[in-house]
Amino acid sequence: MIDDFDRSMMRLALEEAEKAAAAGEAPVGAVLANVDGRVLASAGNAPISTCDPTGHAEIRALRAGAQTAGNYRLFGTRLYVTLEPCAMCAGAISHARVERLIFAAEDPKGGAVVNGPKFFDQPTCHWRPEITRGPFAQEASSLLRDFFRARR
């Protein structure tokens, strides 16, 4: 179920996606928050500008959030992402022990949560977050579609 807090966090994630797009990166944003409502970190995609193939918004938010929390285990956190995480990001979410994953748009080509390998359904997955999908899916999809259309 999506509440007002979830909506406000997803709006922040969309702002991060817009910043990424303005910087020439694929427009994906992520926000990591505690269940008490404190934002631990927010980030947009930056693999190009950082010369880092792991520079996805989710990874960057998890790294910064772990530093803020002082722990690589992020129990009691929620991760808001504008696009369904890929397998790399799903693995990091599992290792970090994120309690809840909320993502906006599905990614039929690169997603690994409800599409592709369905990472959290695999028997080798040690931690499975609660998953909520769909808030602001239209906005996130439009941002991605417009970004890539402008580059063609």
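The values are calculated or read from the model by the stated rules, or taken from the named source; none is laboratory data. As the structure is a prediction and not an experimental result, all values here were calculated from the model. Heads up, the Cβs are rebuilt from the backbone with ideal geometry, glycines too, and the neighbour counts pull from every protein chain shown. Keep in mind that these areas ignore ligands, DNA and RNA; they rest on the heavy atoms of the full protein, side chains included. Shrake-Rupley method; radii C 1.70, N 1.55, O 1.52, S 1.80 Å.
Residue check: is I102 open to solvent by 20 Å² or more (accessible area, probe 1.4 Å), closer than 22 Å to L12 by Cβ, part of a strand (DSSP E or B) and not aromatic (F, W, Y)?
Criteria not met by I102.
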Matching option when the condition is within 18 Å of L14 (Cβ to Cβ), of a type in the set (S, T, N, Q), open to solvent by less than 70 Å² (accessible area, probe 1.4 Å) and touching a Leu at 6+ places or on another chain (Cβ under 8 Å), among T82, T77: T82
Here are the criteria: (1) in contact with a helix residue (DSSP H, G or I) (Cβ under 7 Å, 6 or more places away or on another chain); (2) part of a loop (DSSP other than H, G, I, E, B). Tell me which single one N71 does not satisfy. (1)
Matching option when the condition is assigned to a loop (DSSP other than H, G, I, E, B) and surrounded by 14 or more Cβ atoms within 10 Å (Cβ to Cβ), among A140, A112: A112
Scan the range 37-62 for residues that are surrounded by fewer than 16 Cβ atoms within 10 Å (Cβ to Cβ), of a type outside the set (V, I, T) and without any contact (Cβ under 8 Å) to a residue 24 or more places away in the chain and jot them down. R38, C51, D52, P53
Can you name the residue in the range 63-84 that is closer than 13 Å to V35 by Cβ and touching a residue at least 60 places away in the same chain (Cβ under 8 Å) and is also farthest from the chain's Cα centre (by Cα) among such residues? R78
Where a residue in the range 2-21 is more than 18 Å from R60 (Cα to Cα) and its partner, wherever it lies, is modelled with pLDDT of 95 or more and open to solvent by less than 60 Å² (accessible area, probe 1.4 Å), with Cβ under 7 Å and at least six apart: I2/T132; D6/I102
